[in-house]
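Asks: I have a structure here, written as structure tokens, and I will follow up with some questions on it.
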């Protein structure tokens, strides 16, 4: 019964996310038929590169490629598994159409968790213009930060960056000074294929505390990733 309920909850979440994305697209198609694009000053290639702009202090990282999961059947085991993960990644404080609207739809979500602050998110929506219910905005170095109740957003970077405003500011600082970021984990990640549909990883002191054997630390890095091999119709765990 628990398994059935878990799957039902995952499907409900998937439906909600789909409605958020599709609802945004339909709303703007009905208004004018064309999705506006936004001006971007900096583009990042994939989730492995996102860590270079992730400020120090994050203790857990997750990444979901929504484009890949849209190709899978709703009853697919991997899709159900990751839908469950999404419940812990996304937060209504940010991912509500009343707050953040993305007419072009979501492609990828990367989350870096901080305690006790709201996670820092990198959200890939292509070049689509986004609409944020900002209450104010200010210029910080070469970027503009929009703010709503302590949540900051930069849409001049692709993927856009949104989260606790001090962390968003810190992500801009890391552009000039990578030593202030989690860039040291990139040495591990660059050895891993970036085509994951889902990835979870920890490193440094957090990994040392969690990865133990006989009360001794055994590793300073842990990575769990999945992708779907369409050529032989199978899952691959990285």
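The values are calculated or read from the model by the stated rules, or taken from the named source; none is laboratory data. Keep in mind that this is a model prediction, so the values were computed, not measured. Quick reminder, even Gly has a Cβ in these numbers, built from the backbone with ideal geometry, and neighbours come from all protein chains shown.
Asks: Select from the range 108-165 the residues that are touching a strand residue (DSSP E or B) at 6+ places or on another chain (Cβ under 9 Å) and on the phi > 0 side of the Ramachandran plot and write down the one among them that is modelled with the lowest pLDDT.
Replies: 126
For every residue, the table says whether it meets (1) assigned to a loop (DSSP other than H, G, I, E, B); (2) under 14 Å from residue 122 (Cα atoms); (3) modelled with pLDDT under 90.
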position	(1), (2), (3)
51	no, yes, no
58	yes, yes, no
61	no, yes, no
67	no, no, yes
73	yes, no, yes
81	no, no, yes
84	no, no, yes
87	no, no, yes
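Asks: Could I ask something else about it? If a residue must be within 30 Å of residue 237 (Cα to Cα), free of Cβ contacts under 8 Å to residues at least 40 places away in the same chain and surrounded by fewer than 19 Cβ atoms within 10 Å (Cβ to Cβ), how many such residues does the range 149-194 contain?
Replies: Summing the residues that are within 30 Å of residue 237 (Cα to Cα), free of Cβ contacts under 8 Å to residues at least 40 places away in the same chain and surrounded by fewer than 19 Cβ atoms within 10 Å (Cβ to Cβ) in the range 149-194 gives 4.
Asks: Considering 201, 223, which residue is surrounded by 15 or more Cβ atoms within 10 Å (Cβ to Cβ), without any contact (Cβ under 8 Å) to a residue 60 or more places away in the chain, within 19 Å of the chain's Cα centre (by Cα) and under 23 Å from residue 82 (Cα atoms)? Before the answer, list the steps.
Replies: Working: 201 fails: without any contact (Cβ under 8 Å) to a residue 60 or more places away in the chain.
The conditions single out 223.
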